[in-house]
Amino acid sequence: MFQKSCMVATALVALPWTTAQAQNTQPTALPAVTVSGERDGDQSRKQIEAERSRTPGGVTVVEGEEMRLRSVTSLTDMLRFTPGVWAASGLTGDSSFLSIRGSNLDATNYDGNGVKLLVDGLPVTAADGNNHNRDVDPLSMRRAIVARGANALTYGASTLGGAIDFISPTARDGEPWEALVQAGSHGQRQARFSVGGVSGNFDALVSGEVKRSDGFRAHQKQERQGIYANAGIQLGESLSTRFYLSGIDNEQQLPGALTRAQFEADPRSAEAAAVAGNYRLNVRTSRIANRTVWDIDAHSSLVAGLSFEEQRLYHPIVYSPPFFSLLIDTVQRNLGATLRYERRVGEHDVLAGLNYGRTRVRGGNFGYVPGGAQTLSTGVDNGADNLELFLVDRWKFAPRWTAVYGAQAVTGSREVRNTDARTGALRNPKADFDSINPRVGVIHELSPTRQVFANLSRLYEAPTLYELDDDVRGNNATLDAMRGVVVEAGTRGSHSFERHRMHWDVAVYYGRLHGEILSRDDPSSPGTSLSTNVGRTIHAGVEALLGGSMALDAAGAHRLEPRVNITLNRFKFDGDATYGNRRLPAAPRYAIKGELLYRHAGGFFFGPTFDLVGRRDVDFVNTYAVDSYTLWGLRAGYTRKHWEVYGELRNAGDRKYVSYFSVRDVAAANAAILNPGAPRSLHVGARLKF
C-alpha cells in the first residue's frame, strides 16, 4: 500500500542547454545568476538558456509544459526529442532502458549505470553510479536538463553518459492548482492533482498521483501511487530555503523475456517462468531533502543541499524449480550532499562545487516458493562512497569568444560483502577509485542567436557494486574504472526570416575508451552475465535536433511545425583480441523520431508522428540481431487558457517490433531475451488549471 514519505531536493544552477522544443531566439551570455524556485518560471527559463549558451557541447532542456500535451508515462516518452539518447520501454510501466552516447550497453534490464540522475541538483542515482529500481515521474518536473557525456562537468558527474537533472515545480513558478487525467489502451489510467499557494515569504505545493495499467502483455499489471511536496521560505532579501518531500509506492508484475519463436507467435504472451514464479518489481521509495540559496552579492552566490532516501525492494526474478530460484529483498539508503559557489569576476564566470554520496544496501537473496516460504541463500551488506570536486571557468576572452576550461577530481570506494547463509563464507571484493578529469572547450558566437562550439574532455567511470559483485573472476578481485578521451564539435541556434522560424542543435563526437566494463556470459553457466574490463572501444556519433515553425498565411494564424531528432551511433570494439572490431550491442545504428504538426493560433493542433529505428546487435560476436523498424502515429490537441485536451495514436500500423533485449556474449537462436514493444494504442488526456 501507499507509503507516505518526505523528499527535499537541492536544486543547482543549471548549465548551458538546448530546449527540446522550438524557441524563437537564444539569449547571449548573461552575468551569472542562480536559478531558484522562488523566481518566475519564464525568468528561470531565460536564465537556463543564458547558462546554456556557455557550455561548449550538447545539452538539452525538456520543458514540463510540453509533456502535458502528449502521453508521457516514462523516461522513454520524456526523452523522445533529446538527441544522443537511446531510451526504450516495454518490460514495466515506468522503467526504461537508458543509454546516452553508448553508456550502459550491456545492462539492458539490470543496474542502469552510465547516467547520473538528479532531482533539483541532488543525486537520486546511488553513490556507486547505479540506477537499479529507479522511479522518476516525468510529470512531477517543471523541466529536465540533459547534459550529454562530459558536458555534465558542472554537475560533477563522473559517468560516461552524462547527467539528467529534474527540476521540480513550485507554487511560484508552476500551476499551483491543477488536475491531469489520462486514459488509454491496455487498461491505462492515470490521474494527478496539485494544490498550492503563496503567502508573503512562504509558498507550498503538494501533488498526488495514481496510476493503474493492465499492460499489453500477460502478467504486466501495475499499481502506482505517489506524493510530491515542497515548501519554500524567503528568509531575507538574499537568503532562501526550500524543503522537498516525496514518496512512491510501485507494484509491478514482470512478464519476462521471449525467444524469437515466441515473439513471432505471440508478442503479448509472458515468459512461462515469470508467471509460475510470479516475477515482480515492488519498490517503495521515500526521500527528504533541503536546498538553501544565499545570493551573496550581485556577482556571487552559494547553494547548499542535503538529501536522504530509503528504497525498499521486493523482487522475485528467477524461478527454475527444483534447481534454483531467486528473490531479492533489500533496503537501500542513500545520503547526498552538494555545495556550489559561483562568482563573476570581470570576464570570468567561475564555478566551484562538490557532490558527496553514500549508499548502503542491506538484505539478502532468497530461494522461494511463490506464495510460500523464503530461504536465505546470501546475506547482502554492500556500501559505496563517492566524492566529486569540480572547478570550471568560462572566460570571455574576446568579443564573441568564450573559453571554457576546468577539471573534476573523483574519489570513491566500493565494497561488496556477500555472506553464504549455509557455510558462512564471505566474499568481500573492495577497492578505492581516484581520478582527475580535465576539460577544455571554446564557444564562438556567430550572431546573438547562433553559435559553434568544440571541446576536448577526459571520460571516467568507476564500477558499480553490481558490476563488482558480478566480476567474471568470481573471487575478491576488483574491476578497474573505465577511462577515455572524447572530442566534440557542433553548432546550435535559431533564425527568423519573414514569418518563419527555425532552430537547430547539432553535435558530432568521437571517443576512445580503455577498460570499458561490459558483461559477458559465464562460460560455466551460459546465459549468466558477468562483468569484465575489455580493451579499447570507440564511441562516436552524430546528434541533431532540427525544427521550425512556418507560417501558411500572412497573419501567421496557420502554421506548420516540423521537428525531428536524429541520432547516428558508431559504438565498436577497437582491435579486441576476442571481438576484433565488431559492433557493441544494444544501441541502434540510427534512431530518427519526429512529427509534423499543423497549429492554429486558436489553440488547435494535429499531425503525424514517426519513428525509424535501425538494426541492433544482441550479442558481442554480432551473430544475433533484431531488425530495424518503422512506426507512425497521430497527435492532436486543443489548448485554452484554463484547460487542455489531447489525443495520441501510437504504432498506428500495429507493427510487431522488439523494444529492447538482454545482451549475451554469444546469443543462442532459442535464447529467451526479447522484450516486445507496445502494439497499436490510443491515449487521451485532459488538463484543468484553476
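The values are calculated or read from the model by the stated rules, or taken from the named source; none is laboratory data. These figures come from a predicted structure and were not determined experimentally. Cβ placement follows ideal geometry from the backbone for every residue including glycine, while neighbour counts extend to all protein chains displayed. Accessible surface is based on the protein model in full, side chains and every heavy atom, while ligands, DNA and RNA are left aside. Shrake-Rupley method; radii C 1.70, N 1.55, O 1.52, S 1.80 Å.
Summary table below
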quantity	calculated
Within segment 213-248, tally of residues that are acidic (Asp, Glu) and either open to solvent by less than 20 Å² (accessible area, probe 1.4 Å) or on the phi > 0 side of the Ramachandran plot (or both)	0
Filtered residue count, segment 382-420, keeping only those that are closer than 23 Å to residue 127 by Cα, more than 29 Å from the chain's Cα centre (by Cα) and open to solvent by less than 50 Å² (accessible area, probe 1.4 Å)	1
Selection status of residue 188, within 30 Å of residue 652 (Cβ to Cβ), polar (S, T, N, Q) and surrounded by 23 or more Cβ atoms within 10 Å (Cβ to Cβ)	no
Search result, residues across segment 476-490 that are crowded, with 16+ Cβ neighbours inside 10 Å and farther than 18 Å from residue 161 by Cα	478, 479
Subset of segment 219-275 (residues that are part of a strand (DSSP E or B) and among the aromatic types (Phe, Trp, Tyr))	228, 243, 244
Qualifying positions in segment 210-254 - closer than 18 Å to residue 120 by Cβ and either touching a helix residue (DSSP H, G or I) at 6+ places or on another chain (Cβ under 6 Å) or acidic (Asp, Glu) (or both)	228
First in segment 611-624 and of a type in the set (Gly, Ala, Ser), second anywhere and surrounded by fewer than 22 Cβ atoms within 10 Å (Cβ to Cβ), Cβ under 6 Å, 6 or more apart	614/588; 614/589; 614/590; 614/628
Counted residues, segment 644-690 - those being of a type in the set (Asp, Glu) and open to solvent by 60 Å² or more (accessible area, probe 1.4 Å)	1
The lone exception for residue 570 - which of (1) open to solvent by less than 40 Å² (accessible area, probe 1.4 Å); (2) over 29 Å from residue 496 (Cβ atoms); (3) outside any loop (DSSP other than H, G, I, E, B); (4) out of contact with any Pro (no Cβ under 7 Å at 6 or more places or on another chain) it fails	(1)
In segment 357-375, the residues that are within 28 Å of residue 462 (Cα to Cα) and touching a helix residue (DSSP H, G or I) at 6+ places or on another chain (Cβ under 9 Å)	359, 361
Cβ-Cβ under 6 Å pairs, at least 6 apart or on other chains, segment 383-401 side closer than 26 Å to residue 347 by Cα and touching a residue at least 60 places away in the same chain (Cβ under 8 Å), far side among the charged types (D, E, K, R) and surrounded by 17 or more Cβ atoms within 10 Å (Cβ to Cβ)	394/54; 394/349
Which listed residue, of 518, 468, 459, is buried (at least 21 other Cβ atoms within 10 Å of the Cβ), among the aliphatic types (A, V, I, L, M) and outside any strand (DSSP E or B)	468
Hey, residue 233 touching a residue at least 24 places away in the same chain (Cβ under 8 Å), touching a Ser or Thr at 6+ places or on another chain (Cβ under 6 Å) and within 28 Å of residue 676 (Cβ to Cβ) or not	no
Criterion: part of a strand (DSSP E or B), over 21 Å from the mean Cα position of the chain (by Cα) and at positive phi - qualifying residue of 493, 474	493
Test result for residue 640, basic (Lys, Arg), open to solvent by 60 Å² or more (accessible area, probe 1.4 Å) and over 30 Å from residue 672 (Cβ atoms)	yes
Selection from segment 199-232 of residues that are over 16 Å from residue 288 (Cβ atoms) and among the β-branched types (Val, Ile, Thr)	210
Pairs, first open to solvent by 10 Å² or more (accessible area, probe 1.4 Å) and in a helix (DSSP H, G or I) in segment 44-58, second modelled with pLDDT under 70 and of a type outside the set (Val, Ile, Thr), C-beta under 6 Å, six or more apart	49/27
Residue 452 out of contact with any Ser or Thr (no Cβ under 6 Å at 6 or more places or on another chain), open to solvent by 40 Å² or more (accessible area, probe 1.4 Å), assigned to a strand (DSSP E or B) and among the hydrophobic types (A, V, I, L, M, F, W, C)	no
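Yes/no matrix, rows are residues, columns are (1) hydrophobic (A, V, I, L, M, F, W, C); (2) under 28 Å from residue 355 (Cβ atoms):
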{"site": "255", "(1), (2)": "no, no"}
{"site": "258", "(1), (2)": "yes, no"}
{"site": "286", "(1), (2)": "no, yes"}
{"site": "291", "(1), (2)": "no, yes"}
{"site": "305", "(1), (2)": "no, yes"}
